[in-house]
Amino acid sequence: MLPVERREHILAYVEEKGCANIEEMASKFDVSQMTIRRDIRTLEQEDKLRVTYGGAVSKSFLMEDIPYEKKNAVNIEEKKSIASEAFKHIREGQIVLLDAGTSTMALAKMLMRMRVTVITPDLKIALQLSDSTTAKVYTTGGLVSSITKAHTDVAALSFLDSINADVVFLATNSWSLEHGVTTASTDHYYIRRKMLERANRKILLADSSKYGASSMKTICQLDELDTIITDARFHDENIAAIEEAGGQLIRA
């Protein structure tokens, strides 16, 4: 196999898995680890993947949380549309779990005049709802992340373990058919897993720009969710693939 062909196969392999280490790639392509190192450095120089300690990750693989301010500045109209559809899934008197995120913040603003109880790890969402005269809001407590402005530690998990919710609205920076809903943060992984456990209905809010990306830890597969709400730009062929795999999707 020519080097250029091998690099094409390496790139396809990394993109399929999201990440791969040097040892497994050397074994798969039957070359030395030094050869793999040279190949992935070349692919990085061509801006086709990213080299990490001990391996490589695809460009769509998120290695860290995205700061709140950066997320809040993009896809604003799509998030409003998603939140408007999500609002239809909430009834007066319900207990609602809102994940940390900008789509869930858009939903929180719509709940200001509704008689609901909201539980959230997100300080910005809690501050927004604290001005409501009808909605009650609880934070989970715990250590606050400087990046996401949300509680992340065992105190938050302990609080969540004591409650029962009617519905949870999950947010994400990355989701795909192959890897499901993923996160780059181990701390947020455990919070989101617990939120899913404590709610009767599970709804994902995710704009189409995040589809196809993946991160280190899978929170859940798409067929574990009751509903996925995305925006109108989501492609028809992706809907068909998700529904064939057992997911239920709504375009807002």
Original post:
In Å², what does the accessible area per residue of region 3-62 work out to with a 1.4 Å probe?
Top reply: 59
Original post:
Rounded to two decimals, what is Rg over Rh for region 166-221 when you use alpha-carbon atoms and the Kirkwood radius?
Top reply: 0.94
Original post:
Given the C-alpha centroids of region 1-42 and region 146-220, what is the distance between them in whole angstrom?
Top reply: 32
**OP:** Would you please classify the overall shape of region 3-62 from the alpha carbon gyration tensor, given that a ≥ b ≥ c denote the square roots of the eigenvalues, rounded means a/c under 1.5, and beyond that prolate means a/b larger than b/c while oblate covers the rest?
**Re:** rounded
Subject >> Carbon/sulfur fraction of accessible area - the chain, other protein chains in place, 1.4 Å, % >> reply: 48
Subject >> Relative contact order %, the chain, counting alpha carbon pairs below 8 Å whose residues are six or more apart >> reply: 16
Original post:
What is the packing order of peptides 147-154, 220-227, taking the mean over residues of other C-beta atoms within 10 Å and listing the highest first?
Top reply: 147-154, 220-227
Subject >> Entries in 17/202; 28/210; 109/136; 17/79; 17/217 that, when Cα-Cα distance is taken, lie over 21 Å >> reply: 17/202; 28/210; 17/79
**OP:** Could you work out how far apart the two model spin labels at residue 34 and residue 248 are, taking each label as a point 7 Å from the Cα in the direction of the beta carbon, and quote it in nm?
**Re:** 5.8
**OP:** Pop out the ³J(HN,Hα) list for region 37-51 in order, Karplus 6.51 cos²θ - 1.76 cosθ + 1.60 with θ = phi - 60°, rounded to Hz; leave Gly and Pro as x.
**Re:** 4, 5, 5, 6, 5, 4, 5, 5, 4, 8, 6, 9, 7, 10, 7
Original post:
Using the Cβ atoms and a cut-off under 10 Å, what net charge is assigned to the surroundings of residue 230, where Lys and Arg are +1 and Asp and Glu are -1?
Top reply: -1
**OP:** Just need the relative contact order of region 134-252 here, percent rounded to a whole number, with Cα pairs under 8 Å and 6+ apart.
**Re:** 22
Original post:
Can you tell which of 13, 35, 3 lies farthest toward the positive end of the dipole of region 3-62, using +1 and -1 charges on the Cβ of basic and acidic side chains (Lys, Arg; Asp, Glu)?
Top reply: 35
Original post:
Along the positive direction of the dipole of the chain (beta-carbon charges: Lys, Arg +1; Asp, Glu -1; about the Cα centre), which of 127, 222, 57 reaches farthest?
Top reply: 127
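With Rg and the Kirkwood Rh both taken from Cα atoms, where does Rg over Rh land for region 68-251?
The Rg/Rh ratio comes out at 0.93.
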Original post:
In terms of modelled amide H atoms, which long-range or inter-chain residues lie less than 5 Å from the amide H of residue 220?
Top reply: 181
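The values are calculated or read from the model by the stated rules, or taken from the named source; none is laboratory data. These numbers were taken from a predicted model, which means no experiment stands behind them. We place every Cβ from the backbone using ideal geometry, glycine too, and count neighbours over all the protein chains shown. Surface accessibility is based on the protein's heavy atoms, side chains included, excluding ligands, DNA and RNA. Shrake-Rupley method; radii C 1.70, N 1.55, O 1.52, S 1.80 Å.
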